[in-house]
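Take a look at the structure set out below.
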Amino acid sequence: MRKVILAIDSFKGCLSSKEAETAAAQGIRHAFPTCETICLPVADGGEGMQRVLTEALNGQEIRLSAHDPLMQMRQTAYGLSGDGTTAFIEMAAISGLPLVPLRQRNPSLTTTYGTGELIKDALNRGCRRFVIGLGGSATNDAGLGMLQALGFRFRDRYGNELGKAQPMCGQQLSEIAFIDSSTALPALREARFTAACDVCNPFFGPEGAACVFAPQKGADPEMVAALDKGLQHLAQVIRQTTGRDIATLPGAGAAGGMGGTLSALLNAELKPGIDLLLDLTDFDKLIEGADLIITGEGKSDRQTMMGKVPSGILKRARRQGIPVILVSGSIEDADILNQAGFRAAFSITPAPMSLEEAMRPSTACQNIMQTVGQICRIWDGTSVL
């Protein structure tokens, strides 16, 4: 074994991508001390993307205060590339569901205003390229709060400005008649946006932002119906304003509809999160000549092939004929995973143990190290013996 690539997603609530790969690298070194082992931290469009891209591109973390979904000020951060031209923003870092107490979750009232504040700060620092991670939002305002923070103004059919008493939120979707971009920050004209989007839901309808995601954000059936109606109305206003039809655009429903407005009003490209990350980190070049790629995640099953990190890794590896082994906290649907192309799939849990024990970071690291070490001992250079 001469060269192994480690591209393992975080074990959520347990290990970061970097920690999981460090443990796996120790297992490889025990079996093949002279093997070149390359760790490539990875993430999809959600948790961890900002950190992975910032570190991969020799960047820095920018800390600041901004408004959370309930308009309370709190500390947050985004990443800045080493050359200072690109900002990496996870919208959930300031507009995410975990920031809202359970009893206060209400997607009619929560706002993405804080996400706009992060973009504005980066613009003021000279950034003109943005990678926005969509996922984990507490909102269903279609990104209107974000746009308001960037200078957009929204008016009702009488010409009255909306969002003056409180920032734009989901309950105002149906009131919008006019979108005014003339007051938007001038720097936006030079900015390019790419949104990491790992769902394909349309803007509204049975599979849209409100119907699918609003219930988990605190919406009851009546609220879901109102929000969905509001998104349908906003889509019509956007079409009248820009000529862009986002109604059925795949990914438009991501982050409570933010995917749609980013596309229509900021000309953002919506792209699967793992593909975006692999392109930005030049993954295809880095894996050239590898004998094996090991990927993984907290739990692998049939959903793994629906745009998750291991499926993105597998797709790139197959182009170069490099075998891929899957190492995860738990494995279900192993036959499906093998049929998809994984050479083998291994659970790191060696014996019955409680979930609490299995998710203890020290235990998980030990299990990863031992599992990968044992895999290497039976690897003949092309496959597991």
note = Here, Arg129 and Thr363, labelled 7 Å along Cα→Cβ, have an inter-label distance in nm of 4.3
task = Determine, from the Cβ-Cβ distance of Glu269 and Leu355 and an R0 of 35 Å, the FRET efficiency 1/(1 + (r/R0)^6), rounded to the nearest 0.05.
result = 0.35
key: Cα-based radius of gyration of the chain once divided by 2.2 N^0.38 Å, which approximates compact folds   = 1.04
ask   = For region 285-293, what does the Karplus curve 6.51 cos²θ - 1.76 cosθ + 1.60, with θ = phi - 60°, yield as ³J(HN,Hα) per residue in whole Hz, taken in order and with x for Gly and Pro?
value = 6, 5, 8, 4, x, 6, 7, 7, 10
message = Just to be sure I understand: of the beta bridges DSSP finds with both ends in the chain, what percent are antiparallel, rounded to 5?
response = 35
query = Under 19 Å from the Cα of Lys164, which aspartates and glutamates turn up, not counting those fewer than eight places away in the same chain?
reply = Asp68, Glu117, Asp141, Asp156, Glu175, Asp180
Sequence-distant lysines (8 or more away, or on other chains) whose Cα lies within less than 27 Å of Lys12 = Lys217, Lys271, Lys299, Lys308, Lys315
task = Please get the size of the charge dipole for region 5-150, origin at its Cα centre, with Cβ charges of +1 on Lys and Arg and -1 on Asp and Glu, quoted in debye to the nearest 20.
result = 300
task = Taking only Cα atoms and a 10 Å spring cutoff, compute GNM fluctuations for the chain and point out the largest among Gly13, Gly114, Gly151.
result = Gly13
J(HN,Hα) series, region 4-15, from Karplus relation 6.51 cos²θ - 1.76 cosθ + 1.60, nearest Hz, glycine and proline x = 10, 9, 10, 9, 10, 5, 5, 8, 3, x, 9, 10
task = For the chain, find the longest principal axis of its Cα atoms and tell me its angle to the long axis of helix 254-266, 0 to 90°, nearest 10.
result = 70
remark   = If amide H atoms are modeled at 1.01 Å from N in the peptide plane, then the residues at a separation of 5 or more from Ala268, or on another chain, having amide H under 5 Å from its own are Ser263
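Charges at C-beta only: +1 for Lys and Arg, -1 for Asp and Glu. How large is the resulting dipole of region 323-385 about its Cα centre, in Debye rounded to 20? Mind dumping the intermediate values first?
Numbers: 3 positive and 6 negative charges, 50 e Å.
The dipole of region 323-385 has a size of about 240 debye.
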ask   = If you roll a 1.4 Å probe over region 243-326 with all protein chains in place, what percent of the accessible area is carbon or sulfur?
value = 46
Tilt relative to the chain, helix 361-377 - C-alpha long axis, 0 to 90 degrees, to 10 = 50
task = Give me the net charge of Gln320's neighbourhood, meaning all other residues with Cβ under 13 Å from the Cβ of Gln320; Lys, Arg count +1, Asp, Glu -1.
result = +3
query = Which of the peptides 260-273, 352-365 is most tightly packed, and how do the rest follow, going by the mean number of other Cβ atoms within 10 Å of each residue?
reply = 260-273, 352-365
query = With point charges of +1 on the Cβ of Lys and Arg and -1 on the Cβ of Asp and Glu, referenced to the Cα centre of region 189-314, which listed residue (Thr241, Ala214, Phe193) lies farthest in the positive direction of the dipole?
reply = Thr241
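For the chain, give the magnitude of the charge dipole about the Cα centre (Cβ charges: +1 Lys/Arg, -1 Asp/Glu; no others), in debye to the nearest 20. Walk me through the numbers on the way to the answer.
Details: 36 positive and 40 negative charges, 102 e Å.
Roughly 480 debye for the chain.
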ask   = What ³J(HN,Hα) values, in whole Hz, does the Karplus curve 6.51 cos²θ - 1.76 cosθ + 1.60 give for region 133-145 when θ = phi - 60°, with x put for Gly and Pro?
value = x, 9, x, x, 6, 9, 10, 9, 9, 6, x, 5, x
remark   = If each part is reduced to its alpha-carbon centroid, region 188-261 and region 44-73 end up apart, in Å, by 23
key: Signed unit charges on C-beta, dipole axis of region 216-316, positive-most listed residue Gln232, Gly251, Thr295   = Gln232
inquiry  = Between 0 and 90 degrees, rounded to the nearest ten: what's the tilt of helix 17-31 against the longest Cα principal axis of the chain?
reply    = 10
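Once you order the gyration tensor axes a ≥ b ≥ c over the Cα atoms, which shape class does region 68-221 get: rounded for a/c under 1.5, otherwise prolate or oblate by comparing a/b with b/c?
Values: a/c = 1.62, a/b = 1.21, b/c = 1.34.
Note, shape of region 68-221 comes out oblate.
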task = Can you list which of the GluC sites (Glu not before Pro) found in region 181-236 are DSSP loop residues with at most 15 other C-beta atoms within 10 Å?
result = Glu207
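Roughly how many Å² is the accessible area per residue of region 109-177, as a whole number, for a 1.4 Å probe?
Result: 33 Å² of accessible area for each residue.
The values are calculated or read from the model by the stated rules, or taken from the named source; none is laboratory data. What you see is a predicted model, and the numbers here were worked out from it, not measured in a lab. Here the Cβ is made from the backbone with ideal geometry for all residues, glycine too, and neighbour counts use every protein chain on show. These area figures cover heavy atoms from the full protein model, side chains too; ligands, DNA and RNA do not enter into them. Shrake-Rupley method; radii C 1.70, N 1.55, O 1.52, S 1.80 Å.
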